[in-house]
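Notes for the one structure printed next.
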Number of protein chains: 2
Amino acid sequence: MSYINCSAQELEQAYAELKNQYEDEKGKGLNLNMARGKPGSEQLDLSNSLLDVLNSQSHCIDSNGQDFRNYGVLEGIEECRRLFGDLLQVDYHNVMVGGNSSLNMMFDTISCMMVKPIEEGCEPWYKVKNRKFLCPVPGYDRHFGITQYYNFEMIPVPMSSTGPDMDMIEELVAYDDTIKGIWCVPKYSNPQGITYSDETVRRFAALKPAAKDFRIMWDNAYCIHDVTDTPDTLLNIVEECKKTGNEDLPILFCSTSKITFPGAGVAALAASEKNMKVILERYKYQIISYDKMNMLRHIKFFGNYEGMLEHMKKHKAILKPKFDIVLDTLEKELVPVGVGNWTKPNGGYFVSIDVMNGTAKRVVQLCKEAGVVLTNAGATYPLGKDPKDSNIRIAPTFPSNEELQTAMNVFCVCVKLAALEKLLSK
Amino acid sequence: MSYINCSAQELEQAYAELKNQYEDEKGKGLNLNMARGKPGSEQLDLSNSLLDVLNSQSHCIDSNGQDFRNYGVLEGIEECRRLFGDLLQVDYHNVMVGGNSSLNMMFDTISCMMVKPIEEGCEPWYKVKNRKFLCPVPGYDRHFGITQYYNFEMIPVPMSSTGPDMDMIEELVAYDDTIKGIWCVPKYSNPQGITYSDETVRRFAALKPAAKDFRIMWDNAYCIHDVTDTPDTLLNIVEECKKTGNEDLPILFCSTSKITFPGAGVAALAASEKNMKVILERYKYQIISYDKMNMLRHIKFFGNYEGMLEHMKKHKAILKPKFDIVLDTLEKELVPVGVGNWTKPNGGYFVSIDVMNGTAKRVVQLCKEAGVVLTNAGATYPLGKDPKDSNIRIAPTFPSNEELQTAMNVFCVCVKLAALEKLLSK
């Protein structure tokens with residue numbers, strides 16, 4: 001029976017039972033982790049032959065005589081730029097392939113705009129007092145971390161099932177030229193797994209920000225990361241921006257971190273010619289060239305974009321059961337008692353749960369004490385401050401299925417226990 | 001006969017002969033490059049088995065259960081930190097291993113100090129008007145590029161055979177707290193191949209800069225890169241700084257770019273605990289982790305530091321004849337006519353030549369027109385401005401020995417021709 005309809009006595013009884021259950025779980029000495037979006041080892045094994053495609057006999061020289069073992073080719077090797085062009089659905093001329101981390105490329109891009117204006121006539125952001133950045137919430141803690149590092153005021157923008165609140169965004173950016181950008185994970189958003197609707201993408205493309213140097217940080221981290229047979233589709237923002245004359249608005253990012261190896265993948269960014277000019281001008285001083293051998297490794301491993309899509313089906317086969325375990329357990333344990341709301345994503349790496357208001361921190365603490373590590377409560381909000389203390393991000397990919405089931409059981413016990421503590425003012 | 005002792009008529013005759021020689025060379029349609037310090041393909045081949053040490057059957061998990069294919073271990077894997085600790089002669093706890101580029105780590109480090117104070121109570125450098133950086137000249141253009149990007153005023157400090165002018169440095173830093181650092185290549189300096197004397201290192205360690213956040217960017221790029229059988233030795237600056245209580249003064253950098261593959265090596269930095277704390281605080285926001293698989297590849301390839309030293313002997317065997325070609329040709333062609341001064345380095349990647357004052361640009365232009373590309377004249381000075389227009393950096397590593405001999409012949413013709421043009425006011 002839903003807690004909301006229970007008598008005080010019934011709640012006390014439920015609490016006593018759950019408390020026992022919790023102590024049992026605690027006694028098991030578990031050591032499980034659902035904190036970060038890390039692929040599991042079975043997923044990593046899918047890419048092991050990435051380590052076989054290059055050996056000492058390999059030909060590492062391209063048709064222009066460029067030896068990939070040596071210095072050179074700042075923008076990354078052409079075949080790899082083409083591959084990421086296909087992935088991001090943009091012309092490869094607008095793509096730069098970098099090191100192993102798209103987060104690093106985002107950090108570099110913000111760092112660049114901090115010290116050099118991306119738009120002629122504008123101030124570098126470091127000189128803009130009260131600079132602000134829009135942060136769809138719940139969102140990705142490491143995005144917020146970058147703008148935190150650079151002392152932006154971060155304005156939370158609520159997410160709905162179609163993406164961030166576009167009414168709010170349009171209104172905010174129209175008048176305030178100290179708002180310099182927004183963090184977006186447009187497909188299978190972190191943590192909710194929401195894909196922006198066509199209308200949302202069109203409204204982004206049609207934005208008329210007061211700040212000429214306003215930029216959309218379009219982190220397409222999960223662009224081909226489906227986990228069901230009914231995948232979402234995302235409208236191509238670059239094409240939409242061409243229609244509105246807003247080509248310079250978005251800067252796109254992606255990587256193979258969750259396609260091949262998180263520790264040894266390849267990342268890329270794409271942007272308009274004008275944006276690329278400013279960004280490359282910084283990279284020219286920053287580095288001679290990134291690891292072209294690892295780019296070559298990825299090209300040889302995938303063959304082409306279709307090969308990459310085929311590879312993703314293997315990830316899906318591993319991840320679907322994990323997402324099923326999470327969603328089935330939530331359904332079975334939390335629906336009857338009427339506690340919690342969660343998303344049912346078609347892709348990405350997370351399930352986002354809103355537990356009873358004011359209990360998220362307590363749930364994370366209870367889980368930790370029972371040996372199940374979750375992402376810190378509040379991590380999905382700028383500066384780690386979730387005003388309702390309700391959102392928790394579940395990362396189901398790293399544990400084995402068996403461990404995941406155990407961890408989810410513990411999690412649901414903790415969600416209910418924390419709710420009852422609150423209802424009973426314990 | 002030395003040009004200085006020639007009559008006008010003799011000079012005219014020499015000019016006519018050289019002009020003919022030059023036109024001959026020009027007619028050959030050469031396409032040679034001595035511009036950058038790029039290893040030649042024979043050198044790259046030495047490391048081809050780096051591509052064999054990891055394959056799909058490799059065990060990539062350390063004793064703590066850390067899977068090197070996955071996210072994690074921001075400071076780099078311990079074995080690799082130990083290897084770079086040996087290379088830089090510092091405790092590995094003070095070492096961070098990064099991506100493939102030490103230049104990038106230097107850029108990151110300066111970028112860090114631009115926005116966050118490295119020393120409590122100091123301003124971030126971005127807020128320091130008239131910020132300045134000391135630049136030993138001739139020096140490395142990409143170092144100067146970083147401080148140029150961040151709008152430092154760059155103060156040239158002349159090099160002598162024992163290192164930069166320490167009298168000048170001591171005097172400058174003692175009174176001016178807007179001088180925030182100095183670029184150093186302490187062993188086999190770029191471009192002269194000079195190794196700082198013990199006294200120079202001790203004086204660096206004993207500096208008392210007015211700016212508490214003054215830092216020595218100690219780029220030990222050529223620490224084990226000997227090219228003769230009489231290698232130089234460099235005093236350990238970290239040990240010297242311990243004696244003077246100046247542990248926070250130096251930040252050390254190095255990489256395997258010129259040990260394995262420039263495009264796919266591993267870079268590292270080392271610094272005091274206090275410096276590392278500030279630097280890592282930035283990296284924590286910037287990236288989750290660098291490419292641990294490539295670190296593992298390097299560990300497996302070298303085994304240990306002794307293995308790395310053995311490997312360097314193979315480089316030396318390839319490079320010694322190249323340096324001999326350069327030095328022998330200069331000796332043979334330029335000594336008789338009394339034009340030019342140059343260094344005879346025991347290691348590193350360059351030979352630095354001072355041609356007749358006011359002719360360096362002309363020499364580079366003449367070479368270019370004859371199909372031999374050199375580093376731009378002036379590149380070894382901040383903002384590319386060599387006040388005497390005399391320094392040229394020769395990079396002998398990339399061409400084959402035969403090509404190098406041809407290129408050096410052309411070079412010497414051009415040096416003499418430019419000198420004669422000047423003497424004859426042509």
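Please treat every number below as a calculation from the coordinates, not as lab data. Since the model is a prediction, treat every value here as computed from it, not as a measurement. Cβ atoms come from the backbone with ideal geometry, glycine included; neighbour counts cover every protein chain shown.
Details
- Segment B:280-331 and segment B:407-426: distance between their alpha carbon centers, rounded to Å: 37 Å
- Taking amide hydrogens as placed 1.01 Å from N in the peptide plane, the amide H of residue A:389 sits under 5 Å from those of A:358, each at least 5 positions away in sequence or on another chain.
- Helical mean residue ellipticity (222 nm; -39500 (n - 2.57) per DSSP H run of 4+; nearest 500) of the protein assembly as shown: -13000 deg cm²/dmol
- Once C-alpha pairs closer than 8 Å and six or more residues apart are averaged by separation and normalised to the residue number of segment A:1-112, the relative contact order reads 11 percent.
- Of the residues A:102, A:112, A:140, the one whose Cα sits farthest toward the positive end of the charge dipole of segment A:61-303, with +1 on the Cβ of Lys and Arg and -1 on the Cβ of Asp and Glu, is A:112.
- Within chain A: Cβ-based charge dipole about Cα centre, in debye rounded to nearest 20 (Lys, Arg +1; Asp, Glu -1): 820 debye
- Each part reduced to its alpha carbon centroid, segment A:123-176 and segment A:209-232 end up 15 Å apart.
- The equivalent ellipsoid of segment B:204-343 has semi-axes of 33, 24, 14 Å, largest first, where each one is the square root of 5 times an eigenvalue of the Cα gyration tensor.
- Within segment A:282-426, the proportion of Cα pairs with more than 26 Å between them is 40 percent.
- Placing a label point 7 Å from Cα along the Cα-to-Cβ direction at residue A:304 gives distances to the equivalent points in the other copies of 5.0 nm, listed shortest first.
- For segment A:265-348, the ratio of Cα radius of gyration to the globular rule of thumb 2.2 N^0.38 Å stands at 1.76.
- Average Cα contact separation per residue, segment B:61-303, under 8 Å, 6 or more apart, as relative contact order %: 27 percent
- Dipole-positive endmost among A:92, A:174, A:68 within segment A:61-303 (Cβ charges, Cα centre): A:68
- Between B:168, B:159, B:105, the residue with the greatest mean-square fluctuation in the GNM of chain B (Cα pairs under 10 Å linked by springs) is B:168.
- Equivalent ellipsoid, segment A:131-175 (semi-axes from 5 times Cα gyration tensor eigenvalues, Å): 19, 14, 5
- Placing unit charges on the Cβ atoms of the charged side chains and taking the dipole of segment A:190-232 about its Cα centre, the candidate lying farthest along the positive direction among A:209, A:197, A:222 is A:209.
- By the count of neighbouring beta-carbon atoms within 10 Å, fewest first, A:225, B:143, A:93 end up ordered A:93, A:225, B:143.
- Label spacing, shortest first and in nm, from residue B:2 to its equivalents in the remaining copies (7 angstrom along Cα→Cβ): 10.2
- From phi via Karplus (6.51, -1.76, 1.60), per-residue ³J(HN,Hα) for segment A:27-35 in Hz, x at Gly/Pro: x, 7, x, 5, 8, 10, 9, 10, 7
- In segment B:284-388, trypsin sites (Lys or Arg not before Pro) in a DSSP loop with at most 15 other beta-carbon atoms within 10 Å: B:385, B:388
- Long pairs among A:277/B:212; A:187/A:388; A:187/A:361; A:314/A:388; A:38/A:127, criterion Cα-Cα beyond 30 Å: A:277/B:212; A:314/A:388; A:38/A:127
- Chain B, relative contact order in percent, only Cα pairs under 8 angstrom and at least six apart counted: 26 percent
- For residue B:101, the residues 5 or more places off, or on other chains, whose built amide H falls under 5 Å of its own are B:267.
- Neighbour-count order for B:258, B:277, fewest beta carbons within 10 angstrom listed first: B:277, B:258
- Position residue B:387, label points 7 Å along Cα→Cβ, spacing to each other copy in nm (shortest first, one decimal): 6.1
- Rg/Rg_globular for the protein assembly as shown, with Rg_globular taken as 2.2 N^0.38 Å and Rg from C-alpha atoms: 1.05
- Within straight-line reach of residue A:368, meaning a Cα separation under 18 Å, sit the following lysines at least 8 residues removed in sequence or on another chain: A:19, A:26, A:28, A:416.
- The string of couplings for segment A:184-192 from the Karplus curve (6.51, -1.76, 1.60, θ = phi - 60°) is 10, 10, x, 10, 6, 3, 8, x, 7 Hz, one whole number per residue in order, with x for Gly and Pro.
- Debye, to nearest 20: dipole size of segment B:275-340, +1 on Lys, Arg Cβ, -1 on Asp, Glu Cβ: 460 debye
- For segment B:61-303, DSSP calls about 35 percent of its internal beta bridges antiparallel.
- The spacing between segment B:332-364 and segment B:1-74, judged by their C-alpha centroids, is 18 Å.
- Here's how it looks for residue A:222: its modeled amide H is under 5 Å from those of A:187, which are all 5 or more places away or on a different chain.
- For q = 0.15 Å⁻¹, Debye-computed log10 I/I(0) when each Cα of segment A:61-303 counts as one equal scatterer: -1.03
- Considering only A:89, A:286, A:43, the mean-square fluctuation computed in a Gaussian network model of chain A, springs between alpha carbons under 10 angstrom, is largest for A:286.
- Across all directions, the shadow cast by the convex hull of segment B:42-133 built on its C-alpha atoms averages 9.7 square nanometres.
- Taking B:3, B:175, B:92, B:305 and counting other C-beta atoms within 10 Å, the order from fewest to most: B:175, B:305, B:3, B:92
- All-pairs alpha carbon distance profile, chain B, 20 Å steps from 0, percent: 25, 53, 21, 2, 0
- Springs between Cα atoms under 10 Å define the GNM used for chain A, and in it the highest mean-square fluctuation of A:266, A:415, A:73 occurs at A:73.
- 3J(HN,Hα) couplings calculated from phi for segment B:320-335 with the Karplus curve 6.51 cos²θ - 1.76 cosθ + 1.60 (θ = phi - 60°) are, in sequence order, 4, x, 5, 5, 4, 4, 4, 5, 5, 5, 4, 4, 5, 8, 9, 4 Hz; Gly and Pro show x.
- Only Lys, Arg, Asp and Glu carry charge here, each on its Cβ (+1 for the first two, -1 for the last two); on that basis segment A:61-303 has a dipole of about 660 debye about its Cα centre.
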